[in-house]
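One structure is given here, and the rest of the page talks about it.
The values are calculated or read from the model by the stated rules, or taken from the named source; none is laboratory data. It should be emphasised that the depicted structure is a prediction, and the values quoted were computed from it without experimental measurement. Cβ coordinates were reconstructed from backbone atoms using ideal geometry, including for glycine residues, and neighbour counts include every protein chain displayed.
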Amino acid sequence: MHISEGVLSGPVLASGIALAAAGTAIGLKRLDYDRIPHAAILSAAFFVASLVHVPIGPSSVHLILNGIVGLLLGWGAFPAILTALLLQGVLFQFGGITTLGVNTTIMALPAVICYYLFGCMIQKKSYIAYISAFACGFISVFLSAIMVGAALMFTQESFLGIAAAVIIAHLPVMIIEGVVAAFCVAFLKKVQPELLPGFSGSINS
């Protein structure tokens, strides 16, 4: 779901940079020192998942994992996702440098929103936790697709068809992301529940 160089207008790019900078600053401030290795692992997972992609116009379809990143890191999703996107842009020319702020905001802001929406449900009974995790994975990608569409629409109204195509193309990804998030939460609840929000000592709790 990378927006390529040369697509977005200057005001949209500037807004993305400002939002990404603010989110990253908050994320770095709230990310505890002992959680940095976890953030690095999740950033690497986000990086690898995005390597397998199918281009669609100015965007692409691929696993994102921003829902599970947001669920485990909260505001820390901003620096984690920013780092992965920067490496993708430099090493593989996925997305770009000028669009780094917009792409970071598109993926990290929904991750933080879903943290606050569903993080409090993860430590509840198993079926509630799994449904919440699925919703987190699904809605995080849905919101990211909506934000891609909004960024394109604010650049030029003629991008309406492309924006709609991006959202439709990501419907299967939303379902897959929901399933992946549910499996991740089920696994972590068994082996290391302290990584999940709502557990005593969890960040941002």
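Tabulated values for the structure
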read-out	value
Some residue of the range 54-61 being at pLDDT below 90 and in contact with a Pro (Cβ under 9 Å, 6 or more places away or on another chain)	yes
Test: residue in the range 102-109 that is in contact with a His (Cβ under 8 Å, 6 or more places away or on another chain), surrounded by 22 or more Cβ atoms within 10 Å (Cβ to Cβ), at pLDDT 85 or above and within 14 Å of Ile3 (Cα to Cα)	yes
Qualifying residues in the range 118-145 (those that are assigned to a helix (DSSP H, G or I) and out of contact with any helix residue (DSSP H, G or I) (no Cβ under 7 Å at 6 or more places or on another chain)) - the one farthest from Pro172 (Cα to Cα)	Cys120
Test: residue in the range 26-34 that is closer than 19 Å to Ile68 by Cβ and assigned to a helix (DSSP H, G or I)	yes
Pick from the range 26-39, criterion in contact (Cβ under 8 Å) with a residue 12 or more places away in the chain and of a type in the set (A, V, I, L, M), ranking: nearest to Pro79 (Cα to Cα)	Leu28
Where a residue in the range 176-187 is within 11 Å of Ile64 (Cβ to Cβ) and modelled with pLDDT of 90 or more and its partner, wherever it lies, is surrounded by fewer than 21 Cβ atoms within 10 Å (Cβ to Cβ) and hydrophobic (A, V, I, L, M, F, W, C), with Cβ under 6 Å and at least six apart	none
Members of the range 1-25 found to be assigned to a helix (DSSP H, G or I) and in contact with a strand residue (DSSP E or B) (Cβ under 8 Å, 6 or more places away or on another chain), listed by number	none
All positions within the range 188-205 that are touching a helix residue (DSSP H, G or I) at 6+ places or on another chain (Cβ under 6 Å) and either at pLDDT 80 or above or part of a helix (DSSP H, G or I) (or both)	Leu188, Leu195, Leu196, Pro197
Selection within the range 60-93 - aromatic (Phe, Trp, Tyr) and touching a Cys at 6+ places or on another chain (Cβ under 8 Å)	none
Count of the range 148-175 residues which are at pLDDT 80 or above, surrounded by 15 or more Cβ atoms within 10 Å (Cβ to Cβ) and within 21 Å of Ala45 (Cα to Cα)	2
When residues of the range 93-117 are limited to those that are in contact (Cβ under 8 Å) with a residue 24 or more places away in the chain and not in a helix (DSSP H, G or I), the one nearest to Ala151 (Cα to Cα)	Thr99
